[in-house]
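Following: one structure in structure tokens, then a few remarks.
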Ligand code: BDR
Ligand code: CA
């Protein structure tokens, strides 16, 4: 089978690096570009890190396009050095990359690639959804020309991680997320409902340092900082939750997940800003369901085979 062409929209980010390498080492996937976004770090550093990661992977043939620097509405609330390090890569402070970003913006790159190959390109956003929403606004036909959108973000039936209500990628641009979930294209949400059930233990993580390739070695260097965040913030936790790589795993083997289909809205106001709300009831006729009327059904991942997912990722890195 020919491999599936994907564009990863990313804010690297320790787990973004793991996801990008996982994709690059999977023959089912053909990464045709990385587009960058603020989130774990500012967009400028996200672009630098994307270039650095491709250099480590010896894949500087893959273009990197610089993305939006702020959400659709209001300012970017700031990066999270306590999760991913000041450099977004666990404070290992890599040298500057020698390869360069392309001149095309992320939004234009996404539009150009999708319109040039109708039905072939899958978008894989693993950061805030600003670039994707802007691309939709500039060229609405991408909704019918894309193959699929598989994103990491959101929390349908569980609490958030960036606030009690919201997951970090969605909270960084709720208006963009509501646009993406409302567009007439096939969207799969790989959110905290599943990623908080996928645990890479210290024993799993120790294997990276035993694998003799530059990508695994980079992960082994950056993951201790990230692990410390989880073990400090989540009482009793050992190791890390697998966020961004879960979206990659879905692309490779969707049977790892159980999916339900719901219309989704994103709260944009108040203390629940960023909460992804499925319309769960059989009372759709009620006036209270009007905000969900005519919304497309989104594939929401609700269950996952955690053991099989972590084994898949580790096997690809070896
Ligand atoms: C998401 O937020 C970021 O910190 C991670 O890279 C992931 O994309 C998890 O909520
Ligand atoms: Ca990310």
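Can you say what percent of the DSSP beta bridges in the range 4-317, counting only those with both residues inside, are antiparallel? Round to 5. Antiparallel: roughly 35 percent of the beta bridges in the range 4-317.
Summarised in one figure, the compactness ratio Rg/Rh of the range 159-318, Cα atoms and Kirkwood Rh, is 1.03.
Taking label points 7 Å from Cα along the Cα-to-Cβ direction, residue 158 and residue 138 give a separation of 3.5 nm.
Checking the a/c ratio against 1.5 first, then a/b against b/c, what shape does the Cα gyration tensor give for the range 60-158? Note, shape of the range 60-158 comes out oblate. The coefficient of translational diffusion for the chain, derived via Stokes-Einstein from the alpha carbon Kirkwood radius under 4 °C and 1.567 mPa s, stands at 67 µm²/s. The C-alpha atoms of the range 1-125 occupy a region whose extents along the principal axes are 41, 34, 24 Å, arranged from largest to smallest. With an a/c value of 1.5 or above and a/b larger than b/c for the gyration tensor axes a ≥ b ≥ c computed over the alpha-carbon atoms, the range 103-180 is described as prolate. Seen from all directions on average, the range 5-77 presents a Cα convex hull projection of 4.7 nm². Remark: spin-label model distance residue 60-residue 290 equals 5.8 nm, labels positioned 7 Å along the Cα→Cβ axis.
Taking label points 7 Å from Cα along the Cα-to-Cβ direction, residue 231 and residue 255 give a separation of 3.6 nm.
Since every read-out is calculated from the coordinates, none of them should be taken as a lab result. Computed from a prediction, not measured in an experiment: that's the story for all the values here. Ideal geometry is used to build each Cβ from the backbone, glycine not excepted, and the neighbour counts take in all protein chains shown.
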